[in-house]
Amino acid sequence: MARMRTMIILSLTLLILTPSLILAQESGYKVPPKAVADIVDAPWTPRISLCPDHEWLLLRQYPGYPSIEEVSQPELRLGGLRLNPATNGQSREWYLTELGLKKIADGSEYEISGLPDKRHIMHISFSPKGDLISFVNTADGKLTLWCISIKDRKAWQVSDLPLNGVFGDPTNWIDNKTLIIRALVPGRGAAPVKPLVPEGPTIRENLGEVAPARTYQDLLKNKFDEDVFTYYATSQLYTVTTDGKTEKIGSPALYTDDIPSPDGKYLLIESLHEPFSYTVPYDRFPLKTAIWDTKGKEIATIADLPLADNIPIPYGSVRTGRRSIGWRPDTPAMLSWAEARDDGDAGKEADIRDEVYLLDAPFTGTPVSLMTLPIRFDSVTWGDDNLAIVGGWWWKTRNIKAWRVAPGKPDAEPELLQDRSWEDRYNDPGRPLTERNKYGRYVLQTADNGRTLFMRGDGASPEGDRPFLRKFDLKSKETTELFRSEAPYYEDPQVLLDVDKLTMLTRRESVTEQPNYFIRDLKKKDLTQVTQFPHPTPQLQNVQKEVIRYERNDGVKLTGTLYLPEGYKKEDGPLPMVMWAYPQEYKDADAAGQMTDSPYRFVRVNWSSPIIWLAMGYAVLDDAAMPIVGEGDAEPNDTFREQLVANAQAAIDEVARRGVVDRNRVAVGGHSYGAFMTANLLAHSDLFKLGIARSGAYNRTLTPFGFQSEDRTLWEAPEIYFEMSPFMHAEKINEPLLMIHGEADNNSGTYPLQSERFYSALKGLGATVRLVMLPNESHGYTARESILHVLYETNNWLEKYVKNAPAESTTAESK
């Protein structure tokens, strides 16, 4: 332990004192072989939204990957947000370039006239009656509000007011003709300019209060950052009618949300205020929640929460005070919220964790307690005065519960409907379906005067996922299966269109058939195809796919999806293989061994999937199970390394036993926690020829207040942090390692510094290692040039060190 602590201190010193690594740059972005590049550039399949009348589908088309020029636009990183100062919206948002309408009855498609010439379409929303669609378009340096009439299939710009999209969608429907918007403050002037001479030092102080915080990115750093954050995040609220009439309401503030009541008479207004923090993101800043009328008059203050920079570390800990405040969707204007009864501390012993309250308009009465929960409150799915489903969860035991309550009778005892482990996928009863009510809000979809619920689930089973639709009788507790997906298809219920006729919209696919939408009549046993999206990558249409089952040395059952190239035969000889995985913690070994995925899902290849390497002649084992199990009082990470190696050994043994993979030519890779896994496997086994690690973290002393699913701190479990950090075992890595990281990574814990310092350590120890830092890329990579370059680097690494490498024996023995 003394040696371990010394090593940790030395590693921290190294990380602090080592100067920033300057890499020799090779010129320009590179492109992988055409077979790989063509898959990246394959057209994207349109997405669909079902219109509320169930007569139309809204077709939404994405343009593909943006250019590096677009990704490299100016960006501000403040308080956990990433902003585009040119538009006053969020940066890196995905957008649409085409919208269309499709008639479900006859399959006819229609263009929408009047769409903007320059289209960066986001934040699509249906009006309460469902006959209008609003969206936000970004063009000429500003965000503006637009509408579409479904009946006329015509779009128009509602207002020229520049919107403020810093906190996401700046629009909400009040009624079928009126929206509330967050707009830029008129005449706000120029943005703050950083002074050449600082006013003074930035000082932080803590007077003995316990205030741990995880490793967040993009935080405020000084007073100038505060000023810039305030400048861009402050907005002015307006109401605007669909014919363009606007009315200013309230005064400028840091509004984060503005949600109308179901009857449209009130507004739930959330706004941030000072003091800000340099240690936590904006969603923990002081937050005021108030009720206004639609003219901007404040009716009541519901909550004014202080800065939440002292939330305890254990998973399940929450902010104290009223949280999850929202409108009950089945009433004109009733609020609900939850409050912690354990000081928000999941590490504290308590019989009651949370309490749920109701408060009706005019919001001056005493809140009514709906129920107390012995676990952490999650959500409520509302139905009516006689029915709502309250859900809760508890991390330590992986337990979820669901209760039936009668909101109109809060004194009635809640009825427990579900009590299980969320790790147990086989016994998941599904989630209740919802439908839009008269207010345009979603409530439970029921039949038989509220006695019957409709449940949709993934249908996990030993044969793979088989999505289902079931009826659940709330009185008898009996379940009736209405539909379940059958081989050779994977068919997923989307919406129950008609409760009486039992017709539903489904998404159906097979290994070789692109997902498309169908109307299934459960009574007539009819199936009608609605969309005809073509196969996006026909060159991979006939690849071989199999979900395989195998067992590790301690009896835990494992799964993975094995892909083989088109036309491959076993007699052709064993192939080199790429194995891709991501570790997952479990408290139950049986649950860890349950089957995942489906053998009948479409082989949709995107750039980040290892399946792309089928085009280059590799076998691929995707989503190879990496369960890390800790039953009873044991924590999963207590034996992380041993279980990781055992998982990998079992996977390689199985594909080698089948005779389709050369166990001496296997690469392992992963993204984020999968990159962390990759480095550990290279450090603690000799199973692989090389590793591919993207956007990882390698030194857990840099995330001292917990990481992934580990909620013990460095000081509580120093041996765990040491043993799990591949940085501490860099001298054992003797296989080539390709590391890739976005220079603008925004993910908690995976600072670019992690890859830079790990590369420095490996280089200093004489390892074969290559580090590729992608300019302007975040935790995931989006620019076409970046993506192609990642694949270029990966292909070169695989060709050199796996496909054409001399055969050598591999072993799982510890290094």
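If we only count strands (runs of 3 or more DSSP E) wholly inside segment 298-372, which ones have 1 or more residues that are of a type in the set (A, V, I, L, M, F, W, C) and open to solvent by 40 Å² or more (accessible area, probe 1.4 Å)?
Working: elements: 298-305, 322-327, 334-340, 354-360.
Ranges flagged: 298-305.
Output the residues belonging to segment 388-418 that are in a strand (DSSP E or B) and of a type in the set (A, V, I, L, M).
Looking only at segment 388-418, we keep the residues that are in a strand (DSSP E or B), and these are 388-394, 399-405, 415-418.
Across segment 388-418, the qualifying residues are Ala388, Ile389, Val390, Ile400, Ala402, Val405, Leu416, Leu417.
Of all residues being within 25 Å of Pro332 (Cβ to Cβ) and out of contact with any Pro (no Cβ under 7 Å at 6 or more places or on another chain) in segment 405-424, which is surrounded by the fewest Cβ atoms within 10 Å (Cβ to Cβ)? Just the residue, please.
Among them, the one singled out is Asp411.
How many residues are outside any loop (DSSP other than H, G, I, E, B), open to solvent by less than 20 Å² (accessible area, probe 1.4 Å) and closer than 14 Å to Ala460 by Cβ if we restrict to segment 588-620? Spell out how you get there, then give the answer.
Of segment 588-620, the ones outside any loop (DSSP other than H, G, I, E, B) are 589-592, 610-616, 619-620.
Within this subset, residues satisfying the condition of being open to solvent by less than 20 Å² (accessible area, probe 1.4 Å) are 591-592, 610-614, 619-620.
If we keep only those that are closer than 14 Å to Ala460 by Cβ too, we end up with 591-592.
Number of matching residues: 2.
In segment 723-750, which residue that is of a type in the set (Asp, Glu), open to solvent by 10 Å² or more (accessible area, probe 1.4 Å) and assigned to a loop (DSSP other than H, G, I, E, B) is farthest from Pro312 (Cα to Cα)?
From segment 723-750, those of a type in the set (Asp, Glu) are 723, 731, 735, 743, 745; that's our starting set.
Remaining after also requiring open to solvent by 10 Å² or more (accessible area, probe 1.4 Å): 723, 731, 735, 743.
Add one more test, that the residue is assigned to a loop (DSSP other than H, G, I, E, B), and what stays is 735, 743.
Details: Glu735: 40, Glu743: 30 Å.
Taking the candidates together, the pick is Glu735.
Tell me yes or no: at least one residue of segment 30-46 is of a type in the set (Lys, Arg), over 21 Å from Arg757 (Cα atoms), modelled with pLDDT of 95 or more and out of contact with any helix residue (DSSP H, G or I) (no Cβ under 7 Å at 6 or more places or on another chain). Quick ask: steps written out before the conclusion?
Of the residues in segment 30-46, the ones of a type in the set (Lys, Arg) are 30, 34.
Filter again for over 21 Å from Arg757 (Cα atoms), leaving 30, 34.
Still in the running and modelled with pLDDT of 95 or more: 30, 34.
The next check asks that each one be out of contact with any helix residue (DSSP H, G or I) (no Cβ under 7 Å at 6 or more places or on another chain); those that pass are 34.
Looking for residues that are of a type in the set (Lys, Arg), over 21 Å from Arg757 (Cα atoms), modelled with pLDDT of 95 or more and out of contact with any helix residue (DSSP H, G or I) (no Cβ under 7 Å at 6 or more places or on another chain), one finds at least one in segment 30-46, hence yes.
So, in segment 312-347, how many residues would count as being within 17 Å of Asn399 (Cβ to Cβ) and not aliphatic (A, V, I, L, M)? Write out each step before concluding.
Narrowing segment 312-347 to residues within 17 Å of Asn399 (Cβ to Cβ): 314-318, 342, 346-347.
From the residues that got through so far, the ones that are not aliphatic (A, V, I, L, M) too are 314-317, 342, 347.
Qualifying residue count for the region: 6.
Give the residue, chosen from Ile720, Ile692, Ile652, that is open to solvent by 10 Å² or more (accessible area, probe 1.4 Å), in contact with a strand residue (DSSP E or B) (Cβ under 8 Å, 6 or more places away or on another chain) and of a type in the set (Val, Ile, Thr). Outline the logic, then answer.
On the way: Ile692 fails: open to solvent by 10 Å² or more (accessible area, probe 1.4 Å); Ile652 fails: open to solvent by 10 Å² or more (accessible area, probe 1.4 Å).
Checking each option against the conditions leaves just Ile720.
Within segment 491-505, track down each residue that is of a type in the set (Ser, Thr, Tyr) and open to solvent by 30 Å² or more (accessible area, probe 1.4 Å). So that I can check it myself, show each step before the final result.
From segment 491-505, those of a type in the set (Ser, Thr, Tyr) are 503; that's our starting set.
Once the filter is applied, which keeps residues that are of a type in the set (Ser, Thr, Tyr) and open to solvent by 30 Å² or more (accessible area, probe 1.4 Å), segment 491-505 yields nothing.
Filter segment 425-443 down to residues that are in a loop (DSSP other than H, G, I, E, B) and touching a residue at least 60 places away in the same chain (Cβ under 8 Å) and give me whichever is surrounded by the most Cβ atoms within 10 Å (Cβ to Cβ).
Leu433
Does Val197 satisfy being on the phi < 0 side of the Ramachandran plot and open to solvent by 30 Å² or more (accessible area, probe 1.4 Å)?
On the way: on the phi < 0 side of the Ramachandran plot: yes; open to solvent by 30 Å² or more (accessible area, probe 1.4 Å): yes.
Judged against the criteria, Val197 is a match.
Where residues in segment 456-485 are over 27 Å from the mean Cα position of the chain (by Cα) and of a type in the set (A, V, I, L, M, F, W, C), which of them is least open to solvent (accessible area, probe 1.4 Å)?
Here the residue is Leu474.
Take Ala155 and decide whether it is part of a strand (DSSP E or B), over 30 Å from the mean Cα position of the chain (by Cα) and small (Gly, Ala, Ser). Can you show your working first?
Working: part of a strand (DSSP E or B): yes; over 30 Å from the mean Cα position of the chain (by Cα): yes; small (Gly, Ala, Ser): yes.
Yes; evaluated as a whole, the condition is true for this residue.
Pairs, please: C-beta under 8 Å, at least 6 apart or cross-chain, first residue under 16 Å from Thr703 (Cβ atoms) and in segment 747-771, second basic (Lys, Arg) and surrounded by fewer than 21 Cβ atoms within 10 Å (Cβ to Cβ)?
Hits for this filter: Ser748/Arg214; Gly749/Arg214.
What tally of residues in segment 455-476 results from selecting those that are over 23 Å from Ala591 (Cα atoms), in a loop (DSSP other than H, G, I, E, B) and touching a residue at least 12 places away in the same chain (Cβ under 8 Å)?
2
Scanning segment 767-796 for residues that are in contact with a strand residue (DSSP E or B) (Cβ under 8 Å, 6 or more places away or on another chain) and over 23 Å from Asn747 (Cβ atoms), which turns out surrounded by the fewest Cβ atoms within 10 Å (Cβ to Cβ)?
Within segment 767-796, the match that is surrounded by the fewest Cβ atoms within 10 Å (Cβ to Cβ) is Thr768.
Answer yes if at least one residue in segment 610-619 is within 21 Å of Lys34 (Cα to Cα), under 22 Å from the mean Cα position of the chain (by Cα) and among the aliphatic types (A, V, I, L, M), and no otherwise.
Of segment 610-619, the ones within 21 Å of Lys34 (Cα to Cα) are 610-619.
Okay, now just the ones that are also under 22 Å from the mean Cα position of the chain (by Cα), so 610-611.
In the following step, the residues that additionally are among the aliphatic types (A, V, I, L, M) were identified as 611.
Yes, the conditions are met somewhere in segment 610-619.
Residues in segment 254-276 that are open to solvent by less than 10 Å² (accessible area, probe 1.4 Å) and either of a type in the set (Gly, Ala, Ser) or touching an Asp or Glu at 6+ places or on another chain (Cβ under 6 Å) (or both): how many?
Residues flagged as open to solvent by less than 10 Å² (accessible area, probe 1.4 Å) and either of a type in the set (Gly, Ala, Ser) or touching an Asp or Glu at 6+ places or on another chain (Cβ under 6 Å) (or both) within segment 254-276 amount to 3.
(1) touching a residue at least 24 places away in the same chain (Cβ under 8 Å); (2) more than 25 Å from the chain's Cα centre (by Cα); (3) over 25 Å from Glu355 (Cα atoms); (4) open to solvent by 60 Å² or more (accessible area, probe 1.4 Å): which one isn't true of Thr446, the others all being true?
(4)
Test of understanding: among Leu791, Leu714, Leu762, Leu753, which residue is among the aliphatic types (A, V, I, L, M), part of a loop (DSSP other than H, G, I, E, B) and on the phi < 0 side of the Ramachandran plot? Working first, answer last.
Working: Leu791 fails: part of a loop (DSSP other than H, G, I, E, B); Leu762 fails: part of a loop (DSSP other than H, G, I, E, B); Leu753 fails: part of a loop (DSSP other than H, G, I, E, B).
Checking each option against the conditions leaves just Leu714.
Out of the residues in segment 173-194 that are open to solvent by 40 Å² or more (accessible area, probe 1.4 Å) and touching a residue at least 12 places away in the same chain (Cβ under 8 Å), state the one that is nearest to Lys248 (Cα to Cα). First the steps, then the outcome.
Initially, segment 173-194 is screened for residues open to solvent by 40 Å² or more (accessible area, probe 1.4 Å), giving 175, 177, 186-190, 192-194.
Then drop every residue that is not touching a residue at least 12 places away in the same chain (Cβ under 8 Å), which leaves 175, 177, 186, 188, 192, 194.
On the way: Asp175: 17, Lys177: 16, Pro186: 11, Arg188: 15, Pro192: 25, Lys194: 31 Å.
Only one residue fits best here, namely Pro186.
If only one of Glu585, Glu571 is of a type outside the set (A, V, I, L, M), buried (at least 17 other Cβ atoms within 10 Å of the Cβ) and not in a loop (DSSP other than H, G, I, E, B), which one is it? Outline the logic, then answer.
Working: Glu571 fails: buried (at least 17 other Cβ atoms within 10 Å of the Cβ).
The unique qualifying residue is Glu585.
When only residues in segment 277-292 that are part of a strand (DSSP E or B) and open to solvent by less than 40 Å² (accessible area, probe 1.4 Å) count, which is nearest to Leu220 (Cα to Cα)? Full working, then the answer.
To start, the set of residues in segment 277-292 that are part of a strand (DSSP E or B) comprises 287-292.
Then drop every residue that is not open to solvent by less than 40 Å² (accessible area, probe 1.4 Å), which leaves 287, 289-292.
Details: Leu287: 17, Thr289: 23, Ala290: 26, Ile291: 29, Trp292: 30 Å.
Within segment 277-292, the match that is nearest to Leu220 (Cα to Cα) is Leu287.
For segment 231-246, which positions are part of a strand (DSSP E or B) and loosely packed, with under 14 Cβ neighbours inside 10 Å? Spell out how you get there, then give the answer.
Within segment 231-246, the first condition is being part of a strand (DSSP E or B), and the residues that meet it are 235-241, 246.
None; the set is empty.
Scanning for something out of contact with any helix residue (DSSP H, G or I) (no Cβ under 6 Å at 6 or more places or on another chain), closer than 27 Å to Phe285 by Cβ and surrounded by fewer than 19 Cβ atoms within 10 Å (Cβ to Cβ), does segment 98-119 turn up at least one residue?
The initial filter retains those residues of segment 98-119 that are out of contact with any helix residue (DSSP H, G or I) (no Cβ under 6 Å at 6 or more places or on another chain), namely 98-119.
Now restrict to residues that are closer than 27 Å to Phe285 by Cβ: none.
No, the conditions are met nowhere in segment 98-119.
What do you reckon, is Pro488 in contact with a helix residue (DSSP H, G or I) (Cβ under 9 Å, 6 or more places away or on another chain) and open to solvent by 40 Å² or more (accessible area, probe 1.4 Å)?
Judged against the criteria, Pro488 is not a match.
State whether the residues of segment 122-140 include one that is over 19 Å from Pro52 (Cβ atoms), in a loop (DSSP other than H, G, I, E, B), open to solvent by 30 Å² or more (accessible area, probe 1.4 Å) and not small (Gly, Ala, Ser).
yes
The values are calculated or read from the model by the stated rules, or taken from the named source; none is laboratory data. In this text, all values refer to a predicted model and were calculated from it rather than measured experimentally. Every residue, glycine among them, receives a Cβ derived from its backbone with ideal geometry; neighbour counts consider all protein chains shown. These area figures cover heavy atoms from the full protein model, side chains too; ligands, DNA and RNA do not enter into them. Shrake-Rupley method; radii C 1.70, N 1.55, O 1.52, S 1.80 Å.
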